[in-house]
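The values are calculated or read from the model by the stated rules, or taken from the named source; none is laboratory data. Remember, predicted model here, so these are calculated numbers, not experimental data. Don't worry about glycine lacking a Cβ; one is built from the backbone with ideal geometry, like all the others, and counts go over all protein chains shown. Heads up: the accessible areas ignore ligands, DNA and RNA and are worked out on the full protein's heavy atoms, side chains in. Shrake-Rupley method; radii C 1.70, N 1.55, O 1.52, S 1.80 Å.
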Amino acid sequence: MKVIPDFLKKITDNEIWKSVFRHGYTDTPRNRALQIISNVWLHLHPAKVREHGTKIRFTWCMGGITFFVFLFETITGILLMFYYVPDVNRAYADIVDLMYVVPFGRFLRNSHRWGAHAMVITVSIHMFRVFLTGSYKPPRQFNWVVGVILLVLTFLLSFTGYLLPWDQLGYWAITVGTNMARATPLLGHEGPFSYILGMRPDNDVRFALLGGTTIEAPALLRAYVWHCIAIPLIASALMMVHFWRVRKDGGISGPL
Amino acid sequence: MEVRQEKRGLVEFKDDKVFTWPTLVAKEFLAAIFVTVGLLFYSYFVDAPLRELSNPGQAENPAKAPWYFLGLQEALVYFDPWYAGVVLPGIIVLGLILIPYLDNNPKGNGYYTFKERKFAVTTFVFGYIFWYVLIYIGTALRGPFWAFFWPWEKWTHDFPTPPPMHDLPLPLGIILMGGFYFAGLTLPALVKRDFFMKLGVIRYSLTMGLLLTMIGTVIKMVFRLAFNVKYIIATPWINI
Ligand code: HEM
């Protein structure tokens, strides 16, 4: 009786299956390598890596987890966009609906919120690890720079999302945050030496951020567009560069 | 199983490389699962905050930025907004970007070591901890009107009026600050000649400039707390 093996062979030994899966799954070195290099997602990795680089005690897995949380946020964020409209007259109501009406809406919003906090934490731990292993040293200097920009973008992603519920918490947090821009030297109307450029409340850098002199509809729309489109795109592009450079700089750093 | 053992012997290179599949990928998938389960678990039990509808006419008290910026907001107690909110974060980001180009110590590349890079690790860890200490104070210990409360104290609106503050006389301020940077830049170069020689003038000045600014930021806070000094340098155009 070999019904099952026969059956499996029927399923796998035909043109359709083979057009999808290019190699078998028998545990051979060849298949282990193919598993990585014939898969568009996994071939971000080389087929083989230095052993210490796979140790959790070396990388703390924090870069990878940061990336994963970013994906998690992308998915939960897209789902939230189905329910949320960045209009001052309904933004808050949409969030209240998510919390009380939409099936699993509360769960969805919670995951997106806590995921955002998690990402800020993991990215800063990742930076700490990279520093402690001296992994910014040649030839990886530039990848550290890309990393620092990603760090700032992570903060900005989280910050722009904070305003969207349009509640007192977000509104006043963004007020405090953007009021700082008023004080920018030269470019903010209350900043030192800003009279040189003739800065006023309605033409300074804070005005450019908010699209107005106070936080109103244009500010909400700007926060929304930065949060959902512009920053994620820029961050994704830089992550591609970041991962590409990890490989081009000789893979994960390690003792020579 | 045995088949694998045999074939492996044939293809293994003489180095410490292992197959990404499954050694690394398995760990990544596990990490992804743990993170997902952790986040979902937390989200099931803890609700994201949501206050009343925003009202421009009624300020929150205290009004706090998101927690990761509260270190900067805490710095507002000690500095004018142009420094705490703009220049200080700017210097931090610039300093981080410069790290790989300033630290030319070839040792400690790709492994954990404190012994071989004491200065770099100490400086970075100090700054990192300082950032989070400020965040902790701003998050947990600041109540209405940004007044200070210990964790065991209740947030109230009647706290003692803070003592009056005063500025240092301008000449004294300039001497103090100029002297601080001057001494900070010259003394280490004289005392630790090899440190200076290894870095070269440009790297040395940038490194020490950044380090002194970090230490100076702490010192200004101490001046405020211990001597009620509002500004070290007070002019009509700019205050530090
Ligand atoms: C969105 C943010 C970021 C993501 C998704 C990310 C992701 C990653 C990943 C997956 C790796 C592979 C090794 C590992 O997991 O540790 C890595 C390596 C690296 N990251 Fe990041 N990173 C981010 C931010 C940063 C930041 C803030 C820095 C530094 C300031 C940085 C600097 C580096 C460097 C230098 C490496 C090479 C490390 C080595 O070869 O040992 N990254 N990053």
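Most mobile of B:Lys17, B:Lys198, B:Lys230 per a Gaussian network model of chain B (Cα springs, under 10 Å)?
Among B:Lys17, B:Lys198, B:Lys230, the largest mean-square fluctuation in the Gaussian network model of chain B belongs to B:Lys17.
Among A:Ala223, A:Ala33, A:Ala237, determine the one that fluctuates most according to a GNM of chain A built with springs between C-alpha atoms less than 10 Å apart.
Top of the fluctuation ranking is A:Ala33.
Per residue of B:51-63, what is the mean number of Cβ atoms on other protein chains within 10 angstrom of that residue's Cβ?
For this peptide, the per-residue mean of nearby foreign Cβ atoms is 6.
Please give the Cα centre distance for the range B:164-181 versus the range A:184-254, rounded to the nearest Å.
After rounding, the separation between the Cα centres reads 35 Å.
With every protein chain left in place and a probe of 1.4 Å, what is the accessible surface of B:Glu116, to the nearest 10 Å²?
Rounded to the nearest 10, the figure is 70 Å².
Could you state the number of Å between the C-alpha centres of the range B:70-148 and the range A:1-29?
One Cα centre to the other: 56 Å.
State which helices in chain A qualify, where a helix is a whole DSSP H run, it must extend 18 Å or more along its own axis by its Cα atoms, and its mean Kyte-Doolittle hydropathy must be at least -1.0. Before the final figure, lay out the partial values.
Working: long enough: A:62-81 (28 Å, 1.86); A:105-132 (40 Å, 0.35); A:141-163 (35 Å, 1.75); A:168-182 (21 Å, 0.14); A:231-248 (25 Å, 0.88).
Qualifying helices: A:62-81, A:105-132, A:141-163, A:168-182, A:231-248.
Where Lys and Arg each count +1 and Asp and Glu each count -1, what net charge lies around B:Val86 among other residues with Cβ under 13 Å from its Cβ?
Result for the neighbourhood of B:Val86: -1.
Identify all lysines with a Cα-Cα distance to A:Lys10 below 28 Å; exclude those on the same chain that are fewer than 8 residues away in sequence.
Leaving aside lysines fewer than 8 places away in the same chain, those within reach of A:Lys10 are A:Lys2, A:Lys18, B:Lys7.
Please give every one of the lysines within straight-line cross-link reach of B:Lys118, meaning a C-alpha to C-alpha distance under 25 Å, and leave out same-chain neighbours fewer than 8 residues apart.
By straight Cα distance, B:Lys118 reaches A:Lys55, A:Lys137, B:Lys107, B:Lys192, B:Lys198.
Return the single residue from A:Leu156, A:Leu164, A:Leu187 with maximal mean-square fluctuation; model: Gaussian network over chain A, springs between Cα atoms under 10 Å.
A:Leu187
Counting alpha carbon pairs within less than 8 Å and at least 6 residues apart, what relative contact order, in whole percent, applies to chain B?
Details: 139 pairs, mean separation 52.1, N = 240.
With pairs under 8 Å counted, the relative contact order is 22 percent.
For B:Lys154, give me every one of the aspartates and glutamates with a C-alpha distance below 19 angstrom, ignoring sequence neighbours fewer than eight places off in its own chain.
B:Glu60
Based on the mean of other Cβ atoms within 10 Å per residue, sort peptides B:88-100, A:79-91, A:116-128 so the most packed one is first.
On the way: B:88-100: 17.8, A:79-91: 15.5, A:116-128: 19.8.
The peptides rank, most packed first, as A:116-128, B:88-100, A:79-91.
Under a no-solvent Debye model with one identical scatterer per Cα of the protein assembly as shown, what's log10 I(q)/I(0) at q = 0.10, 0.11, 0.12, 0.13 Å⁻¹?
-0.94, -1.10, -1.26, -1.40
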